[in-house]
Amino acid sequence: LIAASRDLKSIKVTLFGGEPLLEFEKIKIVVEYGKRRARQWGKRIHFGCTTNATLINDEVIRFWRSYGMGFHTSIDGIPVCHDMHRRFASGGGSSFLVEPGVKKILSYRPEVCARATVSPDTVRHLLDNVDYFYKLGYTHMAFVMSEGDDWDDVSLGLLAKGMEQMSEFYLDKCRKGV
C-alpha cells in the first residue's frame with residue numbers, strides 16, 4: 001500500500017468488517033509496522049477502526065491513543081434495537097457490553113461517530129435511538145438503511161417520520177445551544 005500510493009504523502013487505512021478487535025494482537029503488529037514503514041518512505045499513515053465496542057478496554061484505548069488512531073462505533077441504538085441484529089454466536093444480545101465500551105471511547109475521542117444500521121424492524125425507534133446516542137455522549141451520528149430487507153410502504157413511511165423527528169430534535173438542540 002505504501003509503495004502503491006506513489007506521490008501521496010498521507011495514507012488512511014480503516015479496519016472494519018465483523019469485529020476487528022477480535023484480532024487486536026495482529027492490529028498492533030500491522031499499525032506499528034505501517035507507521036514505521038511509512039516514516040521510512042517519508043509518508044504519514046493514519047489507521048482507523050470500526051468497532052462494535054464490545055471488546056474495548058483500557059489497553060485498546062492506550063494503544064489507539066499512542067498511535068493517534070481514529071474510529072467509528074457500530075451501534076444500532078437502544079438495547080432492544082441493537083440486540084435484534086447484533087448477537088453473539090450463543091444467540092445473546094451484545095448491548096450490555098456496548099455502553100461501557102462507548103464511554104471509554106468517547107472519553108478518548110468525543111467526536112467519534114455512532115454508525116447505526118436502520119432496518120424495517122427497528123425504524124420505529126429512530127428518534128429513541130437518536131436520544132439514546134445523545135445521552136451516551138455522541139454528537140456525531142450516521143444512520144444507514146439496511147440493504148436486502150423488505151422496505152415496504154409502511155416502514156418507509158416510518159423512516160420519513162423518523163427523519164423529520166430527528167431534524168426537529170437537532171433544531172431544538174441548536175436553538176438551545178447544546
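The values are calculated or read from the model by the stated rules, or taken from the named source; none is laboratory data. Just so it is clear, the model here is predicted, and its values are computed rather than measured. Cβ coordinates were reconstructed from backbone atoms using ideal geometry, including for glycine residues, and neighbour counts include every protein chain displayed. Just the protein is used for accessible areas: all its heavy atoms, side chains included, with ligands, DNA and RNA removed. Shrake-Rupley method; radii C 1.70, N 1.55, O 1.52, S 1.80 Å.
Overview of values
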read-out	value
Apportionment of accessible area to carbon and sulfur, region 1-130, percent (1.4 Å)	56 percent
For region 156-162, Karplus couplings with θ = phi - 60° (6.51, -1.76, 1.60), whole Hz, Gly/Pro x	5, x, 5, 5, 4, 4, x
Out-of-range pairs (alpha-carbon distance over 32 Å; input LYS12/LYS103; LYS104/LYS173; LYS103/LYS161; LYS12/LYS135; LYS35/LYS135; LYS104/LYS176)	LYS35/LYS135
Accessible surface, per residue, of the chain when the full set of protein chains is kept, probe 1.4 Å, Å²	58 Å²
Residues in region 1-40 that a label on LEU97 would reach, taking backbone N under 14 Å of a point 7 Å out along Cα→Cβ	18-24
Fluctuation leader among TYR108, TYR138, TYR33 - the chain, Gaussian network, Cα springs under 10 angstrom	TYR33
Cα-based equivalent ellipsoid of the chain: semi-axis lengths in Å, sorted from largest, via gyration tensor	33, 19, 17
For region 86-157, diffusion coefficient by Stokes-Einstein and Kirkwood Rh (Cα), 10 °C, 1.306 mPa s, µm²/s	116 µm²/s
At most 12 other Cβ within 10 Å, DSSP loop - GluC sites (Glu not before Pro), region 81-178	GLU111, GLU147
Partner aspartates and glutamates for LYS9 [C-alpha distance under 19 Å; skip if fewer than 8 residues away on the same chain]	GLU32
Qualifying GluC sites (Glu not before Pro) for region 15-64 [loop in DSSP, other Cβ within 10 Å: at most 13]	none
Virtual spin-label span in nm between LYS9 and GLU59, 7 Å along Cα→Cβ	3.7 nm
With Cα atoms, 0 to 90° folded angle of helix 126-136 axis to the chain main axis	50 degrees
Residues of region 62-83 with amide N under 12 Å of a point placed 7 Å along Cα→Cβ from TYR108	62-73
Amide H contacts of THR14 (H built 1.01 Å from N, under 5 Å, at least 5 apart or other chain)	GLY48
Whole-number Å³ per residue for the convex hull built on Cα positions in region 27-131	119 Å³
Once exposed loop trypsin sites (Lys or Arg not before Pro) are cut out (DSSP; at most 13 other Cβ, 10 Å), longest piece of the chain	10-178
Under 5 Å, built H, 5+ apart or other chain: amide partners of VAL118	VAL144, MET145, SER146
The chain: angle of helix 24-40 to the longest principal axis, Cα-based, in degrees nearest 10	50 degrees
